[in-house]
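One structure below.
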Amino acid sequence: MSMPTGIFILISLIKCAIALFVLLTLVAYIQLAERKIVAHIQSRVGPNRVGPYGFLQPAADAIKFILKEEVTPAAAHKLLYLMAPMISVVVALVAISVVPIGGTFHLFGYPTQFQIADINIGLLFLLGVMSLGVYGIVLAGWSSNSKYSFLGSLRGGSQMVSYELALGLALIGPVMIAGSLDLRQIVQAQSHIWYIIPEFVAFCIYLTAAFAETNRIPFDLPEAEGELGAGYHTEYSSMKFAMFFLAEYVNMVTVSCVATLVFLGGWHGPVFGPPQLQLWLPVFWFCLKVGFFLFLYIWVRGTLPRFRYDQLMAFGWKFLVPLALANVLITGVVLSVMK
Amino acid sequence: MHPALFFIFGGIALAGAINLLVQRAPIYSALSLVAVMGALAVLFLLLGAEFIAFIQIIVYAGAIMVLFVFVIMLLNADVPEPTRRSKVAQAIGYPVMALLLVELAGFFAAAFGATPVRTGGYLVQVAAVGQALFHEFLLPFEVTSVLFLVGVTGAVLLAARREERHGAAPRATRVHAGVPTRAMAEALSVPPNAMGGAVIEPAPQPESEPAHARAQGDGR
């Protein structure tokens, strides 16, 4: 790297700050969008009191979260109880750092990417960091020292460990075709054809597993409100609860980004016009595709019922994992025949 | 920069390992082992082995240690049972361990001498790891995987056999909810159906009534 270390650190810090700001705002507004869209699906109006069309609702929610009383259960394991939401948020935010959202641009006269950390094995990094997210949930449930929390965290833990396997195996097909674990190279390899076409089965597996991995309907058993109160975060209040909330939505953004990068060609799309437009259009296409996945999340939430737990586990282990393995095998055979 | 990082993360790994031994509650021991795994992953990164580093995190921290934590939680192993500290074990154990360490140090000194380890500046490509695993070390690799398979099969077999002896869950229920978490929990000697009642939720079947009744008592 030819740029001086000082400049490199400065640019990285600027990118981190922007990413953090954009991400947190985005999460607040995904949440508003979710309430609005689900409301319309259910023939309601949704929040419309705070600001025009309810657009300031996230600000009101944030103030409410901060002002609420923090309650720590007397029987909780204090240290772990405090650490669990932190683990969840940190892991969720770290994962987004390797996601590239566009091409190369110049800052302070040095070329740099629309990405915080450009590493060789970005996809593996993402999977590794995401696999640590389960600690937040498991520790939250256990340290709360409450039945509902504990059952929720057991469900969450085993669900995430199970579906991680299908998630990772689904990504192997595209990685084999692209021949790289570098997210940028995977995107560049899709300049002719998006991997959703040759790897449609893998895409479906990934999407299903991603819903389970983020604990969203139809796989939101860890926080099934009808049975478990609120699942693993039952005993959490105020900002600690908000941190779990934040982590869940950031994870949604992350898995949507990965789906876009690996299956929908990343930032590829029609690019035209003056240089400035050519720089920003890919970013726009990327955001549009991620937005599609986020809408899908909300849409599914408003549409599908919840699985039963044994159905969820049987589906994951007896259907998704073998299917994903078969997909890897077929991809390998086809690739070696075409070679 | 690299030596500093080496000492920081080597220090974290050592501190985590010591904490693992010192902690009374098993859950904290397990979590310090996670910290050790993380620090080791960074050391792998310093040696340029990116792939190994992240596999270390995914496999050990993300999967195996999660299972450890799970089992500790399911057994509710909060307060350790104090054993009678054996004087003989202490008298023999420490000298033998010291001897082993000296032996190991001697071996490494003989094998590598005083050549300093180079950190940073080079990178092991993923393809190179694949080449090594599937060409050079194909046979050991496959044999190891067969070994794992045997282990898994054995665990499942033991769990299934004990379930039959207890007569806790009829075959229909087990096939229905025969998920790995359950097999795992039972292989690691959780009472049959401690999870079944609440976590797995098998379809309501009259035969499994006694098991459910017992599970009530095992809940936290």
Test: residue in segment A:296-307 that is in a loop (DSSP other than H, G, I, E, B), over 20 Å from residue A:171 (Cβ atoms) and within 14 Å of another protein chain (Cβ to nearest Cβ) | yes
Evaluate segment A:196-214: report whether one residue or more is within 14 Å of another protein chain (Cβ to nearest Cβ) and out of contact with any Pro (no Cβ under 7 Å at 6 or more places or on another chain).
-> yes
Hey, among A:189, A:166, A:178, which residue is crowded, with 24+ Cβ neighbours inside 10 Å, among the small types (Gly, Ala, Ser) and out of contact with any strand residue (DSSP E or B) (no Cβ under 7 Å at 6 or more places or on another chain)?
-> A:166
Filter the helices (runs of 4 or more DSSP H) completely within segment A:147-213 down to those with at least 3 residues that are closer than 15 Å to residue A:324 by Cβ.
-> A:147-178, A:200-213
For segment A:257-296, what are the residues that are in contact (Cβ under 8 Å) with a residue 60 or more places away in the chain and small (Gly, Ala, Ser)?
-> A:265, A:266
When every residue in segment A:73-112 that is free of Cβ contacts under 8 Å to residues at least 12 places away in the same chain and assigned to a loop (DSSP other than H, G, I, E, B) is compared, the one nearest to the other protein chains (Cβ to nearest Cβ) is A:74
Does segment A:308-317 contain any residue that is in contact (Cβ under 8 Å) with a residue 60 or more places away in the chain and either within 29 Å of residue A:25 (Cα to Cα) or more than 23 Å from the chain's Cα centre (by Cα) (or both)?
-> no
Give me the pairs, please: first residue somewhere in segment A:191-202 and closer than 18 Å to residue A:102 by Cα, second residue anywhere and at pLDDT 90 or above and part of a loop (DSSP other than H, G, I, E, B), beta-carbon distance under 7 Å, and either six or more positions apart or on two chains.
-> A:194/A:264
Keeping to segment A:124-145, report how many residues are at pLDDT 85 or above, farther than 22 Å from residue A:209 by Cβ and of a type in the set (S, T, N, Q).
-> 2
Hits in segment A:142-152 (condition: within 8 Å of chain B (Cβ to nearest Cβ) and surrounded by 24 or more Cβ atoms within 10 Å (Cβ to Cβ)) | A:142, A:150, A:151
Return yes when residue B:64 is hydrophobic (A, V, I, L, M, F, W, C) and over 14 Å from residue A:132 (Cα atoms) and no when it is not.
-> no
Evaluation of residue A:25 against (1) at positive phi; (2) assigned to a helix (DSSP H, G or I) (one fails), failing number = (1)
Taking only pairs six or more apart or across chains, which ones have beta-carbon atoms under 6 Å, a first residue in segment A:232-256 that is part of a loop (DSSP other than H, G, I, E, B) and modelled with pLDDT under 90, and a second residue that is among the aromatic types (Phe, Trp, Tyr) and surrounded by fewer than 24 Cβ atoms within 10 Å (Cβ to Cβ)?
-> A:234/A:148
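Here's the yes/no breakdown for (1) in contact (Cβ under 8 Å) with a residue 40 or more places away in the chain; (2) hydrophobic (A, V, I, L, M, F, W, C); (3) more than 9 Å from chain A (Cβ to nearest Cβ):
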| position | (1), (2), (3) |
| --- | --- |
| B:16 | no, no, yes |
| B:19 | no, no, yes |
| B:23 | no, no, yes |
| B:37 | no, yes, yes |
| B:44 | no, yes, yes |
| B:49 | yes, yes, yes |
| B:55 | no, yes, no |
| B:71 | yes, yes, yes |
Scanning segment B:9-50 for residues that are of a type in the set (Phe, Trp, Tyr) and under 30 Å from residue B:122 (Cβ atoms), the one farthest from the chain's Cα centre (by Cα) turns out to be B:9
Those residues of segment A:214-225 which are outside any helix (DSSP H, G or I) and more than 19 Å from the chain's Cα centre (by Cα), in sequence order | A:224
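If you scan segment B:102-115, which residues turn out to be among the aliphatic types (A, V, I, L, M) and surrounded by 10 or more Cβ atoms within 10 Å (Cβ to Cβ)?
Let us first name the residues in segment B:102-115 that are among the aliphatic types (A, V, I, L, M), namely B:102, B:104-105, B:109-111, B:114.
Matches in segment B:102-115: B:102, B:104, B:105, B:109.
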Quick one: is residue B:29 more than 10 Å from chain A (Cβ to nearest Cβ) and under 23 Å from residue A:232 (Cα atoms)?
-> yes
Does residue B:99 satisfy the condition of being over 27 Å from residue B:129 (Cα atoms) and surrounded by fewer than 19 Cβ atoms within 10 Å (Cβ to Cβ)?
-> yes
Residue in segment A:312-323 that is farthest from the other protein chains (Cβ to nearest Cβ), counting only those that are buried (at least 16 other Cβ atoms within 10 Å of the Cβ) and not β-branched (Val, Ile, Thr) | A:323
Quick one: is residue A:125 more than 18 Å from the chain's Cα centre (by Cα), among the hydrophobic types (A, V, I, L, M, F, W, C) and farther than 16 Å from residue A:236 by Cβ?
-> no
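The values are calculated or read from the model by the stated rules, or taken from the named source; none is laboratory data. The structure presented is a predicted model; accordingly, all values stated were derived computationally and were not measured. No Cβ is skipped: glycine too gets one built from the backbone with ideal geometry, and neighbour counts run over all protein chains shown.
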